[in-house]
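The values are calculated or read from the model by the stated rules, or taken from the named source; none is laboratory data. Because the structure is a prediction, the values reported are computed rather than measured. Here the Cβ is made from the backbone with ideal geometry for all residues, glycine too, and neighbour counts use every protein chain on show. Surface accessibility is based on the protein's heavy atoms, side chains included, excluding ligands, DNA and RNA. Shrake-Rupley method; radii C 1.70, N 1.55, O 1.52, S 1.80 Å.
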Amino acid sequence: MRAAAVVGAGAIGVSWVELLTRHDIPVVVADPDPAAADRVRKSLGDQAGVTFVTDPARAVADADIVFEAGPERLDVKQELFARMDAAAPLDTLLTSSSSGFTPTNIQARCAHPERVLVAHPFNPPDLVPLVEVVGGTRTAGAAIERTVDILAALGKEPVRLHRELPGHVANRLQAALWREAYYLVQEGVVSVADLDRAIASGPGLRWALLGPIATQHLSGGEGGLRHVLEHLGPPMVAWWADLGEPTFDAALIDRLVSGVEDEVGGREEALRESRDHALRELLTLKARAGLQEDQ
């Protein structure tokens, strides 16, 4: 990869830039905000391989791959991708970091939709390995394969989706957990802080090492997942039937916000730094343990 472009210099975009510059790849950053360059420099320092422009068409002119990280609005993304599609060389990959929009909708106004797809990272992309890769109805298979190869070369762990869905895979799984979490808080079953503790000190520890299904498999002893499903599956089905449907209203929002403010208590920046440090340590530990490819 000779060069890349990042369109949108918010938190996700800046993190993409950090990942790319770490691999000594020249990056052109496009953002209409005049303060974007200062924001990137503040986060990354003066990176020699970063150029700043305001026009996305200029950013993509010489890029092998584009990482779009603009506002999560479909009309904005459709217009942006139509402009980039008109300006980029035909072999340039155009990827979106969209957390929920499908690539078919994003590529709707493109003349060359075959090179448009979603490469959805998890925040922060320079640390968290996962990137969900999914093409739209008019995306070429070769474009998906090239994107997967590029991401793997950047040390990411791309997961290819074989069908597009709103929210992709990981966000849909998160949404399922959040739905029940919000319901439990709304019903007064548990506080926000204790709910976070229940995940972070319990299943979250195991899920950080292996996924939920592999974790289930190991818990089944010699019988593995089949034993778990045959013996513990029926009670789980009963739990499914009892899962709640929270009422997403102002009262719930206030309760969640109040609870997390009590829990965090103004320590957001310190917690973010501690989290990122722990993420680096965890990734190193997983690689040493053979649970993850070395980054």
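For the reader, a short list of remarks on this structure follows.
- Pairs, first over 15 Å from residue 116 (Cα atoms) and in contact (Cβ under 8 Å) with a residue 24 or more places away in the chain in segment 54-76, second of a type outside the set (Val, Ile, Thr) and surrounded by fewer than 14 Cβ atoms within 10 Å (Cβ to Cβ), C-beta under 7 Å, six or more apart: 54/32
- Selection within segment 141-181 - over 20 Å from residue 96 (Cα atoms) and in contact with a helix residue (DSSP H, G or I) (Cβ under 6 Å, 6 or more places away or on another chain): 181
- Test: residue 272 is within 30 Å of residue 43 (Cβ to Cβ) and not acidic (Asp, Glu): yes
- Test result for residue 194, in contact (Cβ under 8 Å) with a residue 24 or more places away in the chain, of a type in the set (Asp, Glu) and more than 27 Å from residue 126 (Cα to Cα): no
- Evaluation of residue 6 against (1) touching a Ser or Thr at 6+ places or on another chain (Cβ under 8 Å); (2) buried (at least 23 other Cβ atoms within 10 Å of the Cβ); (3) not charged (D, E, K, R) (one fails), failing number: (1)
- Hits in segment 135-188 (condition: closer than 30 Å to residue 250 by Cα and among the polar types (S, T, N, Q)): 171, 174, 186
- At least 1 residues being in contact with a Lys or Arg (Cβ under 6 Å, 6 or more places away or on another chain) is the threshold, and among the strands (runs of 3 or more DSSP E) wholly inside segment 1-107 those reaching it are 93-96.
- If you filter segment 258-270 down to residues that are open to solvent by 70 Å² or more (accessible area, probe 1.4 Å) and assigned to a helix (DSSP H, G or I), you find that the one that is farthest from residue 128 (Cα to Cα) is 262.
- Any hit, segment 119-135, residues being part of a helix (DSSP H, G or I) and either within 15 Å of the chain's Cα centre (by Cα) or at pLDDT 95 or above (or both): no
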